[in-house]
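Presented below is the structure to which this report refers.
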Amino acid sequence: MKYLFFDVDGTLFGKSRYVTERTIEEMQKIKKKGHKIFICTGRAPVSIVGGNLERVPADGFIASAGGFVSVNGKYIFKNYMDTTVLQEVMTLFMNHKVRFALETENAIYQTPGINEYFDARHQKEFGDNPEMKRYFEVRRQKENRLPMRAFNVSETGVTKIAFVATDRYLFLDIVKYLVDHFNVVTFSKKGSKIIDGEIILKDCTKADGIKRVLDELGGSVEDTIAFGDSMNDYQMIDLCHIGVVSKKASDKLKKLAQYQFDDPDQDGIAKALEQLN
C-alpha cells in the first residue's frame, strides 16, 4: 500500500482552481488498488473548499501546514499556539503595520485590508473574469472569514498566521523575534515591496503531519509519495520516499525530488501518476 500526499494550490490546482477530470480519474484508480490519498495543504481546515476539491477521493487531510491532521473523518491531532506568544505576535504585527489572518479550526479571523489585498492580486492575475470572481466570493463565504473583533484569544485556538506586510523593511525588523518560535515562509517575489506569507509553529510541518498519519495507520515512510510546488512543501518532499514537484518549483525544491510535473491544468498530476504506475 502506498500513501500519497498532495498539496493543493499550485499542485492539484492550477490557475483554473479546479482539479482536472483526468486527475480525478487517476486518483480513483489509485483508490481502487487500495492506496491511500491525503490532501496536505497550508490551508486551514475551513479553506479546503472551492472548485471541485471535494471530489478528490481523499482518506483525510493535513491542514494548516501540519497544525491539523484528520484521518477517515476524525481529527487525530490539533496544535495551537501558546496564547502569550500569540498575543505578542499580534502586537508586533499591529505595531509594524502588518495585516494578518489567524487560522483556526472553524474560522479565519482577519484584520482590515486582507480581502482588499487579495482582491487586487486576483484582479491583476485574472482581470475581470466573472467566473474567477465568483469562485473567490464563494470560497470566502465557505471559509467563514470574520473580522478580528470577533476573535477571543482565551476561547479559540490558533494554529497558523498568514500575513501581508506592505512595508518590507518594517516586517524584516521583526523577523528576528519570530524565528525562535516559528518557521517564516514568504511567497512574494524577490525584490517586491510587499511581503506576504505565513508563520508556522516549529516542529509542526507538513512532514510532521505525514508522520502522524503513518503512525495512525501503521504505514512506513518507504511507502510515501509527496506532490508539491513551493517551499512550504520542502519538509514533506524531503521526508517522503518519492518526491514529485512542479517544473516551476525552486531549484532547492527540485533537488529533493525524483520526478517533476507539468501545469496541473494540463493534466500534469494525472500524467505524473501514470508515470509512477
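A few points about this structure:
- Degrees separating the helix 21-32 axis from the principal Cα axis of the chain, which is the longest one: 60 degrees
- Separation of alpha-carbon centers, segment 222-237 and segment 151-167, rounded to whole Å: 25 Å
- Relative to the longest principal axis of the Cα atoms of the chain, helix 168-178 runs at roughly 80 degrees.
- Semi-axes of the equivalent ellipsoid for the chain, Cα gyration tensor, largest first, Å: 30, 21, 18
- Here the calculated FRET efficiency for GLN275 and ALA150, from their Cβ-Cβ distance with R0 = 51 Å, stands at 0.60, rounded to the nearest 0.05.
- Extended-chain gain in nm, criterion 0.36 nm per residue less alpha-carbon gap, LYS190 and SER250: 20.4 nm
- When you restrict to C-alpha pairs under 8 Å that are six or more residues apart and normalise by the size of the chain, the relative contact order lands at 22 percent.
- Where labels lie 7 Å past Cα in the beta-carbon direction, separation of LYS74 and ASP167 in nm: 5.0 nm
- When its C-alpha radius of gyration is set against 2.2 N^0.38 Å (N residues), segment 207-277 gives a value of 1.10.
- Ellipsoid fit via the Cα gyration tensor, segment 1-118: semi-axes of 32, 18, 9 Å, each the root of five times an eigenvalue, largest first.
Every number in this text was worked out from the coordinates using simple rules, so none of it is lab data. These figures come from a predicted structure and were not determined experimentally. Note that we place each Cβ from the backbone using ideal geometry, even for glycine, and neighbour counts take in every protein chain shown.
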